[in-house]
Amino acid sequence: MKQLIVLALLSFSLVTCAQQESPSLYNRLGGEEGISSIIDDAVAMHSENPIVAARFTPYKQKPERLAEIKKHFVAFVCAGTGGPQDYKGRDMVTAHSGMNISPEEFVAVVDDLMLVLDQHNMDDQTKKDMLYISWSLKNMIVGQ
């Protein structure tokens, strides 16, 4: 009988642990502060990446515009990963309309993001989640 009670308690404990929610992607990324740091580092990496650097060159003369874009991107990522922020910017198609971003450029930006997540010591699941989100946006960005 004691073995049955112990087994029942152990089963209940395992089910309870499995039912507890894991931290949101927003929290795993470090909240707004962590996401802001990731975005800063990713944009810096994009600016040095020969495949997409030309897209960022104009912003060297307009740092206030780059800061505004980063602010929107941080809000977008925060809202999309479970944070409390509201994203009030443009949708992805509108935001990238007329840019004619190539598949190669898209992949370069995603690769940069993955490298930045590595630099920020993100775990594999967090990187997979961000990769999934990035690829889910591809058709809204490429060729617009």
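Quick notes
- The lone criterion from (1) of a type in the set (A, V, I, L, M, F, W, C); (2) open to solvent by 60 Å² or more (accessible area, probe 1.4 Å); (3) closer than 30 Å to P23 by Cβ left unmet by M99 is number (3).
- Considering (1) open to solvent by 40 Å² or more (accessible area, probe 1.4 Å); (2) closer than 20 Å to M99 by Cα, the lone condition that E32 does not fulfil carries the number (2).
- Within the range 35-47, restricting attention to residues that are of a type in the set (G, A, S) and more than 15 Å from E105 (Cα to Cα), the residue that is surrounded by the fewest Cβ atoms within 10 Å (Cβ to Cβ) is A44.
- Residues that are surrounded by 16 or more Cβ atoms within 10 Å (Cβ to Cβ) and among the polar types (S, T, N, Q) were ranked within the range 48-94; the one that is nearest to Y26 (Cα to Cα) is T81.
The values are calculated or read from the model by the stated rules, or taken from the named source; none is laboratory data. Note that this is a predicted model, so its numbers are computed, not measured. Positions of Cβ are backbone-derived with ideal geometry, glycine not excepted, and every protein chain shown enters the neighbour counts. For accessibility, only protein heavy atoms count, side chains too; no ligands or nucleic acids. Shrake-Rupley method; radii C 1.70, N 1.55, O 1.52, S 1.80 Å.
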